Amino acid sequence: MKATVLVRPKAGILDPQGEAVESSLRKLGFPVGAVRVGRLIDVELETADPAEARAQLERMCAELLTNPLIEAAEIELESA
Amino acid sequence: MKPKVAVVVFPGSQDDCDAAWALGSVGAEPVMVWHAERELPAATGAVVLPGGFSYGDYLRCGAIARLAPAMEAVARFAAEGGPVLGICNGFQILCEAGLLPGVLRPNVQLEFVCRDVRVTVERTDTLFTSRCEAGQELVIPVKHADGCWFAPPELLAELEANGQVLLRYAEEVNGSLDRVAGVQNSDGNVMGLMPHPEHAVDSLLGSADGALVLASLVDAARERLLAAA
């Protein structure tokens, strides 16, 4: 089963990278509001069980994929 | 007696040789420890995690290095009260390993900073600043892209109340919260700092102030070994 983990800076956490992208987009003439920059991680899992997959991914986020002090993760499972 | 100080070398470590040389210059016997080692050398009195870009700073600075076998040995050493100093990338690794509070984020100005900075010594009754004077201003170089230290407000308040901030920038450097340049753990035996004391151990290099930090650590290593003997 395939999954995607979306890692975003937590709400309220300063995101200088997002701010730099935001101001660059404005310079290009795009009328944008706030921009936040995160990270996308595609993971192939051996299990086919969605509940098991989600549980594994949550552990991965806690142990490696995110730093919970500053980042929040959203898990998306690819439907078969 | 020259206390043994282990310098852990990760793939991508860069300042390991400078750290070893600088430790030797302040009276230590530096021993290089490859990251794949599972044990620290016998009679290790202190550990230094050097600067650099371990594992290419992939994912987050220090996030991969903290999984190295040698880090388990470092965590055991720290749990036994052994002095551990993390410099720059070493600081990032210790934060990711949960041995130090907070996290190092990209500099607020999104630029690599490489220059001498002034830091103020907040406390001198520690294993890492005992050779300094209270309120002393040290000139030590920084060179980092991810030195913006962050902790949530409640954690920051706890650290400040406990006096765990040992070094503070005397000028704006990277957006670090409360201008934190160096913190220690609650037990007072693990410290991390972004400035590089190993690059400031001789006035020919512009400053010898870093030697005060390293010599403090070597004193602590010596005392630990003598107490165990």
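Placing +1 at every Lys and Arg Cβ and -1 at every Asp and Glu Cβ, with all other atoms neutral, what dipole size does the stretch B:4-228 have around its Cα centre, in debye to the nearest 20?
On the way: 15 positive and 29 negative charges, 55 e Å.
The dipole of the stretch B:4-228 has a size of about 260 debye.
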Problem set entry | Length added when fully stretched, B:ASP187-B:GLU133, from 0.36 nm per residue minus Cα-Cα | 17.3 nm
Exercise. Which percent, to the nearest 5, of DSSP beta bridges fully inside chain B are antiparallel?
Worked result: 55
Problem set entry | A:ALA20-B:LYS2 pseudo-label distance in nm [points 7 Å out on the Cα-to-Cβ vector] | 4.4
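Only sites in a loop by DSSP and with at most 12 other Cβ atoms within 10 Å count here; which chymotrypsin sites (Phe, Trp or Tyr not before Pro) in the stretch B:37-102 make the cut?
Qualifying residues, ordered by number: B:TYR58.
At most 13 other Cβ atoms within 10 Å and a DSSP loop assignment: could you name the trypsin sites (Lys or Arg not before Pro) in the stretch B:53-107 that fit? Present the calculation step by step, with values, prior to reporting the outcome.
Working: sites: B:ARG60, B:ARG66, B:ARG76; in loops: B:ARG60.
Loop-located and lightly packed - none at all.
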Problem set entry | Label-point gap, in nm, between A:ALA34 and A:GLU58 - each point 7 angstrom along Cα→Cβ | 2.7
Seminar exercise, completed: quick note, the protein assembly as shown, DSSP beta bridge pairs, % antiparallel (nearest 5) is 65
For this session: Specify the residue with the greatest mean-square fluctuation among A:PRO68, A:PRO31, A:PRO16, computed from a Gaussian network of chain A linking alpha-carbon atoms under 10 Å apart.
Result: A:PRO31
For this session: For every other residue with a beta carbon closer than 15 angstrom to the beta carbon of A:ALA34, add +1 if it is Lys or Arg and -1 if Asp or Glu, then tell me the sum.
Result: +1
For this session: Show which aspartates and glutamates lie in cross-link reach of A:LYS2 when reach means a straight Cα distance below 20 angstrom and same-chain residues fewer than eight apart are skipped.
Result: A:ASP42, A:GLU44, A:GLU46, A:ASP49, A:GLU52, A:GLU58, A:GLU63, A:GLU74, A:GLU76, A:GLU78
For this session: Express in nm, to one decimal, how much length is gained between B:ARG38 and B:TRP21 on full extension, taking 0.36 nm for each residue of separation and deducting their alpha carbon distance.
Result: 3.7 nm
Problem set entry | Euclidean distance between Cα centres, the stretch B:31-97 to the stretch A:1-54, Å | 30
Problem set entry | Modelled label reach - B:LEU155, point 7 Å along Cα→Cβ, the stretch B:183-211 residues with backbone N closer than 18 Å | B:183-194
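Counting only C-alpha contacts under 8 Å and six or more residues apart, can you give the relative contact order of chain B as a whole percent?
On the way: 569 pairs, mean separation 51.6, N = 229.
After rounding, I find 23 percent.
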Problem set entry | Gyration tensor (alpha-carbon) shape descriptor, the stretch B:4-228, a/c threshold 1.5 | rounded
Exercise. For A:THR4 and B:ARG115, what is the calculated FRET efficiency with R₀ set at 45 Å and r taken between the beta-carbons, to the nearest 0.05?
Worked result: 0.65
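Just so you know, all these numbers are worked out from the coordinates, no wet-lab data involved. All values derive from a computational prediction rather than experimental measurement. When we count neighbours, we look across all protein chains shown, and the Cβ atoms used for this are built from the backbone with ideal geometry, even at glycine.
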